[in-house]
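**Student:** Handing you this structure, nothing more for now.
The values are calculated or read from the model by the stated rules, or taken from the named source; none is laboratory data. All figures in this text were calculated on a predicted structure; none of them were measured in a lab. Cβ: placed from backbone, ideal geometry, glycine included. Neighbour counts: every protein chain shown.
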Amino acid sequence: MAPDETEKTVERVRSAFKHANRVFVITGAGVSAESGIRTFRGREGWWKNNDPAELASPEGFARNPRLVWEWYIHRIMIACDATPNPGHLAIAEMERRFDGFLLLTQNVDGLHQRAGNHAVHEIHGSIMRAREVDSGVVYPVEELDLNAEPPLKTSEGKPLRPDVVWFGEIIREKAVNAVNDFLAEGAPDVLLLVGTSAMFAYIQQWVMICRACGSMLVEVNPEPGQLAGLCDVVCMAKAGEVLPRFLTSP
Ligand code: OAD
């Protein structure tokens, strides 16, 4: 995108934000890319050379829990070493600034919380927690022994699994309800779609609902996805570079 074009799109969002009361933000892996966390799709993505059916499905876990845990431990360690980037920080500032604000993330890395967002609706769960396979009891990552031989277990030897949503599993009802409640309270002035390929029907549906309600739809993505055609503004740039600029004066 030419610098002039980016400038124009930034200015349009900035001006919408000046008058906005209700802002709905949906994030995906791209918002953490500048923190050094790999996305899933695309050239550098996990799914380029790995099979989601092996690494991120209940069947894959049943077949090879050791392999699945090795992958998650690797990702937990990367997430723990990463720091929130200016894109995360700008989204945290949005929560403070707008009266009505909702953040729905498909990310599992905990970086939104570490950036300062208080209410982070994690529709795919979090790798920063594990849960007992049988009882569902949840443990924060600080209570896990990541150096233990995988697959991880509790100190009593009960099998654990990452507290995430895998392919074929039901998305987090609490997060779905939070979005539905927020939308029922009134149309967002702005829907900001950041760093997601928006592959899932539930994400697409919320975008459609916001569009039907008259929200301004803004996508931030250096390689905009399939919903770009529905958006009022498409900012073809990195989240960390443009999100802070939406909130500042030129
Ligand atoms: P994807 O990997 O599908 O998409 C990441 C998007 O981020 C792409 O559209 C990139 O162009 C964009 N992107 C890359 N760098 C960016 C940057 N610096 N700023 C802004 N955008 C950038 O990730 P998701 O859409 O989050 O689910 O994927 C959704 C779900 O599919 C994930 O939660 C995961 C995956 O399989 C499960 O594991 C269940």
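**Student:** From the set of residues in the stretch 70-125 that are without any contact (Cβ under 8 Å) to a residue 60 or more places away in the chain, of a type in the set (Lys, Arg) and out of contact with any Asp or Glu (no Cβ under 9 Å at 6 or more places or on another chain), which is surrounded by the most Cβ atoms within 10 Å (Cβ to Cβ)?
**Tutor:** Among those that are without any contact (Cβ under 8 Å) to a residue 60 or more places away in the chain, of a type in the set (Lys, Arg) and out of contact with any Asp or Glu (no Cβ under 9 Å at 6 or more places or on another chain), it is ARG114.
**Student:** For the condition more than 16 Å from the ligand (Cβ to nearest atom) and in a helix (DSSP H, G or I), what is the one hit in ARG75, ARG66? Walk me through how you get there before you give the answer.
**Tutor:** On the way: ARG75 fails: more than 16 Å from the ligand (Cβ to nearest atom).
Result: ARG66 is the single residue among ARG75, ARG66 that is more than 16 Å from the ligand (Cβ to nearest atom) and in a helix (DSSP H, G or I).
**Student:** Quick one: which of GLY186, GLY157, GLY225, GLY214 is more than 16 Å from the ligand (Cβ to nearest atom), without any contact (Cβ under 8 Å) to a residue 60 or more places away in the chain and within 25 Å of LEU247 (Cβ to Cβ)? Walk me through it before giving the result.
**Tutor:** On the way: GLY186 fails: without any contact (Cβ under 8 Å) to a residue 60 or more places away in the chain; GLY157 fails: within 25 Å of LEU247 (Cβ to Cβ); GLY225 fails: more than 16 Å from the ligand (Cβ to nearest atom).
Criteria check complete, one pass: GLY214.
**Student:** Within 26 Å of ILE37 (Cβ to Cβ), more than 11 Å from the ligand (Cβ to nearest atom) and in contact with a strand residue (DSSP E or B) (Cβ under 8 Å, 6 or more places away or on another chain): which single residue out of VAL138, VAL165 fits that description?
**Tutor:** Values: VAL165 fails: more than 11 Å from the ligand (Cβ to nearest atom).
On inspection, the qualifying residue turns out to be VAL138.
**Student:** If we keep just the residues of the stretch 94-124 that are farther than 19 Å from PHE182 by Cβ and not in a loop (DSSP other than H, G, I, E, B), which is nearest to the ligand (Cβ to nearest atom)?
**Tutor:** Of all residues in the stretch 94-124, those farther than 19 Å from PHE182 by Cβ come to 108-111, 114-116.
Filter once more, keeping what is not in a loop (DSSP other than H, G, I, E, B): 111, 114-115.
Values: LEU111: 13, ARG114: 17, ALA115: 15 Å.
Among residues in the stretch 94-124 that are farther than 19 Å from PHE182 by Cβ and not in a loop (DSSP other than H, G, I, E, B), the one nearest to the ligand (Cβ to nearest atom) is LEU111.
**Student:** A follow-up question, please. When you scan the stretch 20-46, how many residues do you find that are over 15 Å from the mean Cα position of the chain (by Cα), exposed (fewer than 14 other Cβ atoms within 10 Å of the Cβ) and at pLDDT 95 or above?
**Tutor:** 1
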